[in-house]
Amino acid sequence: MKIGILSRSNTIYSTKRLREAAQELGHEVEVIDPLKCYMDITSHKPDIFFHKKSLNYFDAVIPRIGASVTFYGTAVVRQFEMMGIYTLNPSIGISRSRDKLRALQLLAKKGIGLPVTGFAHTTKMTEELIQLVGGAPLVIKLLEGTQGKGVVLAETDKAAESVIDAFRGLNANFIVQEYIKESQGSDIRCFVIGDKVVASMMRKGKEGEFRSNLHRGGSASKIRITPEERSTAVRASKAMGLTVSGVDLLRSKHGPLVMEVNSSPGLKGIESVSQKDVASSVIKFIEKQVEANASKSRKVTA
């Protein structure tokens, strides 16, 4: 197969691993910067170009779209879809996962466990918003934040009011969530491919830090997840319309709660902790999907 990896850099760990895994399995691979692509958007023959060359020869595309380039990146993925090229994650799934409010609404609609969450526009609703999630301590999150940025733990109602006023003063959109004390600053990252969790790890924030992101100094360890956690992760990924995702869960008294569904989950932490070749699992999944699509096409034309 000819596989394209949409990534801003070929030196990023996850991009390198996917390229290496694909080459080891006998495939041709190119890393394409989505921001350097340009498109011919026509009804009869859509096309996409990179360095004046058409990219219509790919059998499959792996989107690794960063949050800061979601709009243009998903447009590029959508163009490949219009050309009939298999994309590992569909553009609609990436867009859904990047809109935190929409993602939570979709997950709630599917009955998937979530922390109690509030959202309001007017400053007159601050007190009601705080009480909605059970009062302090509570978590306030910028909807545009990523990788733990723009996430604040307010330990008192007064502190929460101050943070909310500050965010509103910046015209920032945010949500307010209950703080799951029993999680003790840790969460579980489940790496989902199709309808399976292929690897998982527990992440714990450094001393005094409630955010568990590894790049913020957190640590990771092996964990054995429960059948309910496994099912919740797969359901959350499907609710977003994603094929491959990183689902972040909290363990609570009420069962697993989904914090976030990531459409471009990193491979470095999950592979080193789980000791599993996740990159090869991704490529093997693509092989099956492309072959299945080819079989359908043959049956239609027969």
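The values are calculated or read from the model by the stated rules, or taken from the named source; none is laboratory data. What you see is a predicted model, and the numbers here were worked out from it, not measured in a lab. Methodologically, a virtual Cβ is constructed for each residue, glycine included, from the backbone with ideal geometry; neighbour enumeration extends over all protein chains shown.
Values as computed for the structure displayed
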read-out: Any hit, the stretch 128-143, residues being assigned to a loop (DSSP other than H, G, I, E, B), out of contact with any Gly (no Cβ under 8 Å at 6 or more places or on another chain) and modelled with pLDDT under 90; value: yes
read-out: Search result, residues across the stretch 38-68 that are surrounded by 16 or more Cβ atoms within 10 Å (Cβ to Cβ) and of a type in the set (Val, Ile, Thr); value: 48, 61, 62, 65
read-out: Count - residues of the stretch 92-107 that are in a helix (DSSP H, G or I) and either surrounded by fewer than 17 Cβ atoms within 10 Å (Cβ to Cβ) or touching an Asp or Glu at 6+ places or on another chain (Cβ under 6 Å) (or both); value: 4
read-out: Qualifying residue in the stretch 288-301 (condition: under 20 Å from the mean Cα position of the chain (by Cα), modelled with pLDDT of 95 or more, among the polar types (S, T, N, Q) and surrounded by fewer than 22 Cβ atoms within 10 Å (Cβ to Cβ)); value: no
read-out: Candidate set from the stretch 46-95 (those that are closer than 24 Å to residue 291 by Cα and among the charged types (D, E, K, R)); member that is nearest to the chain's Cα centre (by Cα); value: 64
read-out: Some residue of the stretch 35-49 being assigned to a loop (DSSP other than H, G, I, E, B) and aliphatic (A, V, I, L, M); value: yes
read-out: Scan of the stretch 146-179 for residues that are part of a loop (DSSP other than H, G, I, E, B), closer than 30 Å to residue 224 by Cβ and at pLDDT 90 or above, ordered by number; value: 179
read-out: Residues within the stretch 115-133 that are within 28 Å of the chain's Cα centre (by Cα) and surrounded by 13 or more Cβ atoms within 10 Å (Cβ to Cβ), tallied; value: 10
read-out: Residue, nearest to residue 223 (Cα to Cα), within the stretch 162-189, restricted to residues that are of a type in the set (Asp, Glu) and surrounded by fewer than 13 Cβ atoms within 10 Å (Cβ to Cβ); value: 182
read-out: Residue that is nearest to residue 277 (Cα to Cα), among those in the stretch 180-196 that are without any contact (Cβ under 8 Å) to a residue 60 or more places away in the chain and assigned to a loop (DSSP other than H, G, I, E, B); value: 195
read-out: Selected residue (criterion: nearest to residue 269 (Cα to Cα)) from residues of the stretch 1-31 that are without any contact (Cβ under 8 Å) to a residue 40 or more places away in the chain and hydroxyl-bearing (Ser, Thr, Tyr); value: 11
